Amino acid sequence: MEAYTARITAKRGNLMDQTAAPALRVDFASDNVAGVCPEAQTWLIEELARSAPPYGNDPTTAHAVRLLRDLFETDCAVYFVFAGTAANALALAAMRKPYTSVIAHRFSHVETDECNAPEFFAQGLKLRLVDGPRAKLDLDAAARLLHQPRFVHHSPVSAVSITQTTELGGLYDAQEIRALCDLAHAAGATVHMDGARFANAVAELGVAPAELTWRAGVDILCFGGTKQGMPAGEAILIFNPELVPGFDYRIKQAGQLASKQRYLSAPWVGMLEDGAWLRHARHANACAQELARRLDALPGVTVLRP
């Protein structure tokens with residue numbers, strides 16, 4: 001036992017030495033490598049010591065739901081899940097029938113990085129891919145798919161998926177979102193927004209979250225928590241009440257209903273109560289601009305996308 005303890009102590013010492021080494025100060029590989037914001041951490045630590053009812057029937061989850069509804073200025077349905085992939089896949093599954101399809105950008109996360117999860121959860125989903133600058137959907141290309149003649153051998157479009165901000169750093173302003181939503185709704189389709197970095201878009205555009213979502217016509221938003229500094233967890237906000245029935249069963253069936261759901265919702269309280277979500281997003285945007293400025297000043301280096 002003493003020998004085992006000595007080995008563990010030695011390993012811990014080596015890890016501490018590596019962590020303390022100043023060779024690599026910041027890892028820019030992805031925002032997924034970042035730590036946890038102190039506001040999220042504080043609320044989570046406090047919650048760890050409490051006993052509470054399971055499956056989201058606890059006061060902290062109820063508080064987080066109220067804060068999100070206040071932020072978006074509407075009485076939307078709110079669900080917390082572990083990961084963004086599950087959030088997007090479950091949202092798209094709720095928005096379509098098995099024989100229909102979803103319009104998405106060629107570089108969207110639901111197309112390039114989710115290992116067919118939308119198709120798996122939606123049981124027959126077909127993604128109809130279009131192009132557009134900076135991974136924003138081209139309105140005319142989307143219109144052509146939405147207005148294709150209905151023919152039993154083809155898959156009709158039932159939903160449009162957009163990303164805010166996009167995977168290439170593009171931003172949809174409120175007018176662009178409204179135009180896409182109007183187009184989709186006129187064709188009988190609904191609109192999903194992958195908001196893994198929604199906070200960064202709000203910070204950059206300087207408008208209220210409601211203006212970029214339900215007021216512009218968005219039916220479901222997957223609001224990212226992980227990429228804005230939480231340890232885990234995403235929030236699914238359903239603004240269209242027609243899409244709510246049965247969604248709780250989808251959450252459970254997909255293994256996304258946490259028994260101790262308060263550990264997913266507590267960081268949201270910490271981030272939302274005093275506006276930390278927006279404050280940190282503004283700081284992140286400013287840091288990205290500064291990084292781009294310095295890289296652009298290096299000889300032989302070109303920043304490909306703003």
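The values are calculated or read from the model by the stated rules, or taken from the named source; none is laboratory data. Predicted model, so just to flag it, every value in this text is computed and none were measured. No Cβ is skipped: glycine too gets one built from the backbone with ideal geometry, and neighbour counts run over all protein chains shown. Just so you know, the surface numbers come from the protein's heavy atoms only, side chains and all, with ligands and any DNA or RNA stripped out. Shrake-Rupley method; radii C 1.70, N 1.55, O 1.52, S 1.80 Å.
Before moving on, here are some points about what is shown:
- Within a Gaussian network of the chain (alpha carbon springs, distance under 10 Å), most fluctuating of ILE238, ILE220, ILE45: ILE45
- Rounded, prolate or oblate (a/c below 1.5 giving rounded, otherwise prolate when a/b exceeds b/c) for the range 97-222 by Cα gyration tensor: prolate
- With kT/(6 pi eta Rh) evaluated at 37 °C and eta = 0.692 mPa s, and Rh the Kirkwood radius from Cα pairs, the chain diffuses with a coefficient of 158 µm²/s according to Stokes-Einstein.
- Computed [θ] at 222 nm, deg cm²/dmol, the chain (DSSP H ≥ 4; -39,500 (n - 2.57); rounded to nearest 500): -13500 deg cm²/dmol
- Kirkwood estimate for the range 211-306, i.e. one over the average of 1/r between Cα atoms, Å: 16.5 Å
- Against the chain, whose longest principal axis is taken from its Cα atoms, helix 2-20 shows a tilt of about 60°.
- Computed log₁₀ I(q)/I(0) - Debye formula, equal Cα scatterers, no solvent, the range 188-267, q 0.14, 0.16, 0.23 Å⁻¹: -0.54, -0.70, -1.21
- In a reduced charge model with +1 at each Lys and Arg Cβ and -1 at each Asp and Glu Cβ, the range 189-241 shows a dipole moment near 60 debye about its Cα centre.
- For the options ARG294, ARG128, ARG25, a Gaussian network treatment of the chain with springs between C-alpha atoms closer than 10 Å singles out ARG25 as fluctuating the most.
- The value given for the range 124-165 is a Kirkwood hydrodynamic radius of 11.5 Å, derived from the mean inverse Cα-Cα separation.
- Whole-percent carbon and sulfur share, accessible surface of the chain, 1.4 Å: 56 percent
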